[in-house]
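Read through the structure below, which is laid out as structure tokens, and then see the notes.
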Amino acid sequence: MSPTENTATPRLVDEAAADAPLGAVAVRTLCDFAARRGDLDLRFTPSPSGSEGVAGHGEVTSRRGAGYQREVPLASQWHGLRVQGRADGWDASAQRLEEIKTHRGDAALIADNARALHWAQARVYGWMLCEQLGLERIELVLVYFNIDTGQETPLSETQSASALRAHFEDLCERYSGWARQERAHRAARDAALRAMAFPFPEFRAGQRTLAEAVYRAHAAGRVLMAQAPTGIGKTAATLFAALKAAPAQGLDKLFYLTARTTGRQLALDALARLGAAGQAPTRPVLPLRVLERVARDKACEHPDKACHGESCPLARGFYDRLPAARAAAAQAGWLDKTALRELALEHSVCPYYLGQEMLRWSDVAVGDVNHFFDIGAHWHGLTLEHGWQSALLVDEAHNLIERARAMYSAQLDPAAFQALRRSAPGALKTGLDRLHRQWNALAREQAGDYTVLPEPPGPFTAALQQLCGEIGDHLALHPQDATGGPLQAWFFDALHFQRVAELHGDHSLCDLTRTPHPAPGTRVAQPLISLRNLVPGPLLQDRWSAVRSATLFSATLAPMDYVADLLGLPADTLRVDVPSPFAGEQLAVRVAPHISTRWTDRLASLTPMADTMAAQFAAEPGNYLAFFSSFDYLAQALDRLQQHHPAIPVWAQSRGMGEPEREAFIARFTDSGQGIGFAVLGGAFGEGIDLPGRRLIGAFIATLGLPQVNPVNEQLKARLQAKFGRGYDYTYLFPGVQKVVQAAGRVIRSEQDHGTVWLLDDRYARAEVRRLLPAWWVVDRRPLG
Ligand code: SF4
């Protein structure tokens, strides 16, 4: 197969193949589905990039003589299925068909399942050529071409046309059975979605407005930004509307993306309410295949093993058992983490990789934002490869700015590099020393503690690229060094740095930060090298254009220009701001005009803050959350409250809290409880937690949540000023107040809730800040008394 061949799964009903009732399928897809055998094998095998693969094919075919035909288009019909593709090369005089595969490292290390796939492709092309030319026999050659050495490793076999035909028909039979089932599923799914009713007796206030906006946007193939208050049922409304719009859109996949694990569960609960989850023996009322994707380390059954058949029993024979597991999973339909795990273990296959396979056959996939937005994100890649009509629902979309910045940023730490130099195999010494010298050169040229470079330093990145090539070659020849050790970990970090460096532009910053001491083994304190994405928008544009429609929703998406600018949303993005169903009387919003939480006033703020909290607590005993901009400030405020008002029960968030500690923190908020939980703004308790009724009756918010003023943020401000003319607002004010509104949003969760929010800073009295607070808040500036 040529790397330029279209491997997309053609739509099952394809106008281009109207003569084929089951549609058209690419040779690669057919073989991928029906011909893989043996183990899952994900041992490190450095593979050529797409462009290297194309160049490699060109190199091999240029070596062939006159009369050699390249990229031979072939097609064959089998009972309503049209199979099509391009064979890499055909030498008519020798009656030899070649299938070319480029690789790096030792050809003998190519995994068995990959080799089986390559042979299957060669044999399918072989049959199609025999059929087309009326040949009795044909020689098939699988040519492995090492793109680094230029060496060809040919594997050859001669097959009769009848044997090839039997092979072809066997694959087609298995695939067409599946295609028929998929066609029936799709028809049933779309009919059920058209008839689907909203799963609650009535819409909540605002919920219908949101659902209608989502439906219209998705039906029209547009992007929508939707701000809607907490508690109106955003998850159910967006899922219902996007699914309702799916049949008319010809939608293949709906991706529901969240920034937090809790959001995933909410989506699954809403899908279950819509009827997608059935409990045996009752079948789900909605024939919708739902898949939950989790990170590999969360799905792995054997974390002490590696993903290949010699190490992990669930990788051994994976492809032999995959067809039965896949059929059972498609039949089950509902594949949340637990159901997928049970089904995978029943069939003795890895749950994580079964989930990866089932993404192709699912209607709704629920996962993290990085599944679609990360560099090289799998769901985005599959959408392009298969030409899927996909739609996105992005929950808590305000988080996407920071998450995307992190996805497109990278750092190289000199301490990790020096540790690698000490432990790496001797064969890599020259390359490591070369990079070390370049790192020292950067240290010598660095003028101050923090230096911004106009672009990633050329000699450094060239040395890094060369070293990565050498490490890749080394790992290919010595796979035992690629089993999760420090060399492989550093290599992956370096590759990520390279990829980010290749994307560098005015959306990003390259800087050097001086480290305090030379790392062991060096005389010079080498700098930390950072590539920081500042504006993810330009890098996300291909994601917005890859989908048919999208809705980004959140309780805090304002100001929408800020979010749209930073995420690079299309100019015709629709917007809806759903009014809150809550009344001003439900929430007493109090400002403390006598408190300044500016950096220089922090010490002076501690006592008045403690007194304000104590007075509120005395006036209305119950559960409160108190938010601070940092753990240090939190600790100081907690200390002062305990000194001056020791009777008030308190508990506090700590750095790096694990899941059990977080649960214990939340468990303190009981209906009959009293006390103040101290937490940091923008942290684990600043959003995504639900404490209705008496479980939380108020919040204190110290500071405006402004990010720290430091050299990096000042660079960000300058860049955002240059790009959007809103440097301060986009860097400090808007993200800060978004965190404040999110945190305050913990207090009122329903139309029955009542509570108090204290905004502990005089700047909340300013008009430019007040404008950013929710319209339904009625701010009371009277002091407590
Ligand atoms: S169970 Fe774990 S080690 Fe085994 S194949 Fe799956 S992810 Fe890899």
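Which one of GLY381, GLY376 is away from the ligand (no atom under 16 Å from the Cβ), at pLDDT below 95 and outside any helix (DSSP H, G or I)?
Details: GLY381 fails: outside any helix (DSSP H, G or I).
Sole residue among the options that is away from the ligand (no atom under 16 Å from the Cβ), at pLDDT below 95 and outside any helix (DSSP H, G or I): GLY376.
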Query raised in the report: For the stretch 293-306, how many residues are within 7 Å of the ligand (Cβ to nearest atom), open to solvent by 20 Å² or more (accessible area, probe 1.4 Å) and either touching a Leu at 6+ places or on another chain (Cβ under 8 Å) or hydrophobic (A, V, I, L, M, F, W, C) (or both)?
Result: 4
Report task. Being of a type in the set (D, E, K, R) and within 34 Å of the chain's Cα centre (by Cα) is the filter here, so list the residues in the stretch 569-612 that pass it. Result -> ASP572, ARG575, ASP577
Query raised in the report: Only one residue in ARG719, ARG770, ARG746 is open to solvent by 20 Å² or more (accessible area, probe 1.4 Å) and in contact (Cβ under 8 Å) with a residue 24 or more places away in the chain. Which one?
Result: ARG719
Report task. Within the stretch 492-521, track down each residue that is hydrophobic (A, V, I, L, M, F, W, C), within 28 Å of the chain's Cα centre (by Cα) and in a loop (DSSP other than H, G, I, E, B). Result -> LEU503
Requested in this report: Just give me the residues in the stretch 351-373 being under 30 Å from VAL500 (Cβ atoms) and within 16 Å of the ligand (Cβ to nearest atom), in sequence order.
Outcome: TYR352, TYR353, GLY355, GLN356, GLU357, LEU359
Report summary line: Taking first residues from the stretch 230-255 that are modelled with pLDDT of 95 or more and second residues anywhere that are open to solvent by less than 20 Å² (accessible area, probe 1.4 Å) and basic (Lys, Arg), the pairs with Cβ under 9 Å that are 6 or more apart or on different chains are ALA246/ARG189; PRO247/ARG189
Query - Given (1) modelled with pLDDT of 95 or more; (2) open to solvent by less than 20 Å² (accessible area, probe 1.4 Å), index of the condition LEU487 fails - result: (1)
Report task. Please state which of the following conditions LEU531 fails to meet, knowing it meets all the rest: (1) out of contact with any strand residue (DSSP E or B) (no Cβ under 9 Å at 6 or more places or on another chain); (2) part of a strand (DSSP E or B). Result -> (1)
**Report entry** Hey, ASP269 surrounded by fewer than 16 Cβ atoms within 10 Å (Cβ to Cβ), assigned to a helix (DSSP H, G or I), at pLDDT below 95 and within 16 Å of the ligand (Cβ to nearest atom) or not
**Finding:** no
Requested in this report: Output the qualifying pairs, or none if there are none: Cβ atoms under 9 angstrom, residues six or more apart or on different chains, first residue in the stretch 292-312 and of a type in the set (Ser, Thr, Tyr), second residue near the ligand (Cβ under 7 Å from one of its atoms).
Outcome: SER311/HIS302; SER311/LYS305
Report summary line: By residue number, the members of the stretch 443-463 that are open to solvent by less than 20 Å² (accessible area, probe 1.4 Å) and modelled with pLDDT under 95 are ALA443, GLN446
**Report entry** Filter pass, ARG640 being of a type in the set (D, E, K, R), surrounded by 12 or more Cβ atoms within 10 Å (Cβ to Cβ) and touching a helix residue (DSSP H, G or I) at 6+ places or on another chain (Cβ under 8 Å)
**Finding:** yes
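State whether one or more residues within the stretch 141-160 are assigned to a helix (DSSP H, G or I), aliphatic (A, V, I, L, M) and either modelled with pLDDT of 90 or more or touching a Ser or Thr at 6+ places or on another chain (Cβ under 6 Å) (or both).
To start, the set of residues in the stretch 141-160 that are assigned to a helix (DSSP H, G or I) comprises none.
No, every residue in the stretch 141-160 fails to be assigned to a helix (DSSP H, G or I), aliphatic (A, V, I, L, M) and either modelled with pLDDT of 90 or more or touching a Ser or Thr at 6+ places or on another chain (Cβ under 6 Å) (or both).
Just checking, which of PHE203, PHE240 is within 15 Å of ALA391 (Cβ to Cβ) and among the aromatic types (Phe, Trp, Tyr)? So that I can check it myself, show each step before the final result.
Working: PHE203 fails: within 15 Å of ALA391 (Cβ to Cβ).
So the residue among PHE203, PHE240 that is within 15 Å of ALA391 (Cβ to Cβ) and among the aromatic types (Phe, Trp, Tyr) is PHE240.
Return a yes/no flag: does the stretch 217-235 have any residue that is under 18 Å from ARG194 (Cα atoms), of a type in the set (D, E, K, R) and away from the ligand (no atom under 16 Å from the Cβ).
Residues of the stretch 217-235 that are under 18 Å from ARG194 (Cα atoms), as a first pass: 217-221.
Remaining after also requiring of a type in the set (D, E, K, R): none.
No, every residue in the stretch 217-235 fails to be under 18 Å from ARG194 (Cα atoms), of a type in the set (D, E, K, R) and away from the ligand (no atom under 16 Å from the Cβ).
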Report task. Just one of (1) touching a Lys or Arg at 6+ places or on another chain (Cβ under 7 Å); (2) crowded, with 22+ Cβ neighbours inside 10 Å trips up ILE595, so point out which. Result -> (1)
Query raised in the report: What number of residues within the stretch 42-77 are open to solvent by 40 Å² or more (accessible area, probe 1.4 Å), polar (S, T, N, Q) and either in contact (Cβ under 8 Å) with a residue 60 or more places away in the chain or within 16 Å of the ligand (Cβ to nearest atom) (or both)?
Result: 1
Query raised in the report: Got a number for residues in the stretch 747-771 being closer than 15 Å to SER580 by Cβ and not polar (S, T, N, Q)?
Result: 8
Query - Residue identified as farther than 25 Å from ALA765 by Cα and either crowded, with 23+ Cβ neighbours inside 10 Å or among the small types (Gly, Ala, Ser) (or both) among GLY677, GLY682 - result: GLY677
Query raised in the report: Restricting the search to the stretch 78-94, which residues are among the polar types (S, T, N, Q) and open to solvent by 70 Å² or more (accessible area, probe 1.4 Å)?
Result: SER93
Requested in this report: Give the stretch 215-234 a look and list any residue that's open to solvent by 20 Å² or more (accessible area, probe 1.4 Å) and in a helix (DSSP H, G or I), or say none.
Outcome: TYR215, ARG216, ALA219, LYS234
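Here's the yes/no breakdown for (1) away from the ligand (no atom under 16 Å from the Cβ); (2) crowded, with 17+ Cβ neighbours inside 10 Å:
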residue	(1), (2)
LEU251	yes, yes
THR262	yes, no
LEU291	yes, yes
HIS308	no, yes
ARG316	no, yes
TYR319	no, yes
LEU322	no, yes
ALA325	no, yes
Report summary line: When (1) touching a residue at least 12 places away in the same chain (Cβ under 8 Å); (2) open to solvent by 20 Å² or more (accessible area, probe 1.4 Å) are applied to THR731, the one that fails is (2)
Report task. State all residues of the stretch 188-214 that are surrounded by fewer than 20 Cβ atoms within 10 Å (Cβ to Cβ) and more than 19 Å from ALA276 (Cα to Cα); if no residue qualifies, say none. Result -> GLU202, PHE203, ARG204, ALA205, ARG208, THR209, GLU212
Query raised in the report: From the list ARG194, ARG123, ARG204, ARG137, which residue is among the basic types (Lys, Arg) and in contact with a Ser or Thr (Cβ under 9 Å, 6 or more places away or on another chain)?
Result: ARG137
Requested in this report: At least 2 residues that are of a type in the set (Val, Ile, Thr) in each: list the strands (runs of 3 or more DSSP E) lying fully within the stretch 637-748 that qualify.
Outcome: 675-680
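The values are calculated or read from the model by the stated rules, or taken from the named source; none is laboratory data. Here the structure is a predicted model, which is why all the values come from computation and not from measurement. All Cβ positions, even for glycine, are placed from backbone atoms using ideal geometry, and neighbour counts span all protein chains on display. Calculation scope for accessible area: heavy atoms of the full protein, side chains included, ligands and nucleic acids excluded. Shrake-Rupley method; radii C 1.70, N 1.55, O 1.52, S 1.80 Å.
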